[in-house]
Amino acid sequence: MSLRQKTLELQKRMHNALEGGGTQAIEKQKATGKKTARERILTLLDPNSFHEYDLFVEHAGKDFDMDKKYLPGDGVITGTGTINGYPVCIYAQDFTVAGGSLGYMHAKKITKIMDQAMKLKVPIIGINDSGGARIQEGVNSLAGYGEIFYRNTQASGVIPQISVILGPCAGGAVYSPALTDFVFVVDKISKMFITGPEVIKTVLGEEISMEELGGARVQSEISGNAHFFALSEDECFEQIKKLVSYIPWNNTKTAESFPSKSPKTKEYKISSIFPTDSKQPYDVRDIIKAVADDSEFLEVQELFAPNIVIGFGRIDGKSVGFVANQPLVLAGVLDVDSSDKAARFIRFCDAFNIPLVTFVDLPGYLPGVDQEHAGVIRHGAKILYAYSEATVPKITVILRKAYGGGYIAMCSHHLKADFVFAWPTAEIAVMGPEGAAKIIFKNEIQNAENPEEMRKLKIKEYQEKFANPYVAAAYGYIDAVIEPGQTRNMLIHALKISVSKTESHLPKKHGIPPF
Ligand code: HXC
């Protein structure tokens, strides 16, 4: 055969493989508002940057007449490319080919590109759209999942791992996304569950739709399994592009620097955002925007546990991870979900050299039987562990309340924050003035001629003594009491001065966090 003939044969083979599951299956996919796997990759990556590998891999199924079937690419597309110049390894399951189900070779393709990502030290992005373990391939499918989960764990903290759920992700398949750093979902398209509606109906007699059981909203608002919620696939890809701009390629690098930009101080002016009445709530995201470059803030898990706010921004062109109590929701208390949410984010930032900026305004941990029984003790401990373990620069600003365990947990000096600043409005105490006065002045209040008057007097006395930043500052627990308008400058300085910070822990195989 001549070179020309061989080239034509290659083109023919490629053409067949690139057809995916065929016109009918592709039409069915599109009718549900979904792009095809290849379209997804091409939309997400820079134009002409995608290079596909293992296009000619064939499935290894022999039973149930599988040996007579041709499954192009075995239902998954793998390759490398860039997102605004940022290098990534990527795979996308092709639902038009055997429902994107995972057989032996399908899994091999995924684990090969994961190994490549770890070797090249670049992030891995997995687009999930699959009916789960390929039933015809039995234990080989299960083995494939196990190999993926193992690599997710090995890659954890070494390269960023991003999961995008653009279709069903059922059964044990959900555990690969759960082991990765960020899970993206799209309204009406993403569906994640371990056991589907049919099994639930059979076992428990309960009827529920796929959407209600594990749709994008449920995963974003209730379970907390998803980190980013979008209304369309295009919006989801824009979110991924934004995220990768804030994070480094791997754990030996820092995120890309951008030119410094001032915040939009007309829209986000601290003196207008922050209320004079100390009981009045405000949106802490506006405070973040008042200090962040160009007032840009990429919020993570926006819909889950909104009493704490986490996300990425830049200060003086450099990426930082913000963690902030949200006074708008439950007064910003720490509870089971908000502790989980913050702790995981802190660990991500620490693993990938992203400094942490913490804004504090909380009355403490949420009291109540529900929380105690849900394990607020062990969940609350996660945030203590994550901050204590983190060795990236840690800068804390106490805006208002820092009461009780909340004061300690929100990256106090005692957990080795590098800088703790407080606004003059800060109140640092074991508990709020009302509760405290009731306990320590119980007798005086009870025995007073006018107990109500006495109660108010004692609250005021306590407030004047403790509900300010100066007692903590007198012990050196606060490095500087600053005017709110100075916050950005102080952050810029603190980040600059701690750029070569190194800190190590006692030698150990690994810690045992309260998972
Ligand atoms: C083999 C599968 C498949 C699977 C779908 N297909 N899932 N083939 N193994 N797991 C095939 C279908 O036979 C069909 O092939 C094509 O994919 C499209 O599927 P449809 O059912 O026509 O599509 P749709 O109506 O959109 O329904 C999608 C679905 C449904 C909800 C995902 O296919 C479904 O319920 N599939 C099974 C889900 C499941 O129970 N998976 C196993 C989970 S257990 P044809 O040839 O007709 O086009 C698991 C264990 C993992 O994953 C454990 C790891 C630790």
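Using the Cα gyration tensor of the chain, with a ≥ b ≥ c the square roots of its eigenvalues, what is the shape: rounded (a/c below 1.5), prolate (a/b larger than b/c) or oblate (neither)?
Prolate shape, in that a/c is at least 1.5 and a/b is the bigger ratio.
Could you work out how much longer the chain between S278 and K119 gets when fully extended? Use 0.36 nm per residue separation minus the Cα distance between them, nm to one decimal.
52.0 nm
Report the calculated FRET efficiency for E235 and E9 (r = Cβ-Cβ distance, R0 = 35 Å), to the nearest 0.05.
Working from the Cβ atoms, E equals 0.25.
What number, in percent, do you get for the relative contact order of the chain if the mean sequence gap of Cα pairs under 8 Å and at least 6 apart is divided by its residue count?
8 percent.
Using 7 Å Cα-to-Cβ label points, what is the F56/M210 separation (nm, one decimal)?
A separation of 3.5 nm, rounded to one decimal place.
So how compact is segment 362-515: Cα radius of gyration and Dmax in angstrom?
Values for segment 362-515 (Cα only, Rg and Dmax): 18.8, 63 Å.
Of K121/K191; K264/K496; K108/K253; K318/K394; K28/K201, which pairs sit farther than 24 Å apart, going by alpha carbon to alpha carbon?
Pairs exceeding the cut-off: K121/K191; K108/K253; K28/K201.
Taking the Cα centre of the chain as origin and charging only Cβ (+1 Lys, Arg; -1 Asp, Glu), how large is the dipole, in debye to the nearest 20? Could the numbers behind the result be given before it?
Working: 57 positive and 60 negative charges, 267 e Å.
Dipole of the chain, to the nearest 20 debye: 1280 debye.
Which angle from 0 to 90°, rounded to the nearest 10, does the C-alpha axis of helix 233-246 make with the longest principal axis of the chain?
Between the helix axis and the principal axis of the chain, the angle is about 60 degrees.
Taking the Cα atoms only, what angle lies between the long axis of helix 3-18 and the longest principal axis of the chain, rounded to 10 degrees?
Helix 3-18 sits roughly 50 degrees off the main axis of the chain.
If you find the alpha carbon centre of segment 258-329 and of segment 345-423, how far apart are they in angstrom?
Cα centroid of segment 258-329 versus Cα centroid of segment 345-423: 17 Å apart.
Can you tell me how segment 160-203 classifies by the Cα gyration tensor, rounded, prolate or oblate, using a/c under 1.5 as the rounded cut? Before the final figure, lay out each step's value.
Numbers: a/c = 3.91, a/b = 1.73, b/c = 2.26.
Taking the square roots of the gyration eigenvalues as a ≥ b ≥ c, segment 160-203 is oblate.
With r defined as the distance between the Cβ atoms of Y475 and H505 and R0 fixed at 25 Å, what FRET efficiency is calculated, to the nearest 0.05?
0.45
I'd like to know which of S232, V471, Q154 lies farthest towards the positive end of the charge dipole of the chain, counting +1 on Cβ of Lys and Arg and -1 on Cβ of Asp and Glu.
Value computed over the given set: Q154.
Between E372 and V158, what FRET efficiency comes out of the Förster formula 1/(1 + (r/R0)^6) with R0 = 41 Å and r the beta carbon distance, rounded to 0.05?
Calculated transfer efficiency: 0.65.
Can you give the local net charge around I288? Use residues other than it whose beta-carbon is closer than 10 angstrom to its beta-carbon, Lys and Arg +1, Asp and Glu -1.
Counting the neighbours of I288, the net charge comes to -2.
Normalised by the residues of segment 1-72, what does the relative contact order come to in percent, with Cα pairs under 8 Å and at least six apart?
36 percent
Read-outs: derived from the displayed coordinates by stated rules, not from any lab. Note that the structure is a prediction, hence the values are computed from the model and not measured. Note that each Cβ is placed from the backbone with ideal geometry, even for glycine, and that neighbours are counted across all protein chains shown.
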